[in-house]
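Contents: one structure, followed by commentary.
A short reminder: the numbers here are calculations on the coordinates, not readings from a lab. None of the values given here were measured: they were computed from a predicted structure.
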Amino acid sequence: MKKLFILAFALTASLLFVQCKKTEVLTEEIISTEKSLTGNTLEGTSWEVISAVSVPKNVNLSWAVKHPKFTFGNDFIEMKLGRDICNKHYMFGTENINVAAASCTITNQNHQQLSDLLEGDFQYIMSESGDEMILKNNAETEIVLRRIVQLSTSTPVAIPVPTNSYSQ
């Protein structure tokens, strides 16, 4: 009788564990599906600006080193332009991004031009690999971005502290 009880308990515990794991996996799949359906796949991504060209404004900017960086938040784009930082609000559509003007204090002329170019409605075009994105608007402005891959861990890593084994 005791063995039967232990066997029943072990079977129940294992079934509950499997059920919890299934629920966790399903929850993660639902969250990722909701994110893909809502469309904001840019949230939490960072990009470096490769070039910015505007034919009517006669602007042709490119960087070889120290690229300006765009980080997409929930409803804003944080622009790190050298020592200058600017936040612009944006709304995400099905195939476009609408970026609102922002009051930024920018000291570099190239960075000011880039900030001015990133205003209005932009169609975004992603590369096949997802590593590059082009922002284009109707006013013949094109901004080319390259994804910045950031490594992060989902679980904290504990570093053991050495202990002194000497006793006095």
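Can you list the HN-Hα couplings for the range 127-143, worked out from phi with the Karplus curve (6.51, -1.76, 1.60; θ = phi - 60°), rounded to whole Hz and with x for Gly and Pro? Coupling constants for the range 127-143: 6, 4, 7, x, 8, 10, 9, 10, 9, 10, 10, 6, 8, 6, 10, 9, 10 Hz. The alpha carbon radius of gyration of the range 46-148, expressed as a multiple of 2.2 N^0.38 Å, is 0.98. Computed from phi, the 3J(HN,Hα) profile of the range 109-117 under the Karplus parametrisation 6.51, -1.76, 1.60 (θ = phi - 60°) reads 5, 4, 5, 5, 4, 4, 4, 5, 5 Hz, with x in place of Gly and Pro. For the range 102-107, 3J(HN,Hα) computed residue by residue from phi via the Karplus equation (6.51, -1.76, 1.60; θ = phi - 60°) reads 9, 8, 10, 9, 10, 9 Hz, glycine and proline entered as x.
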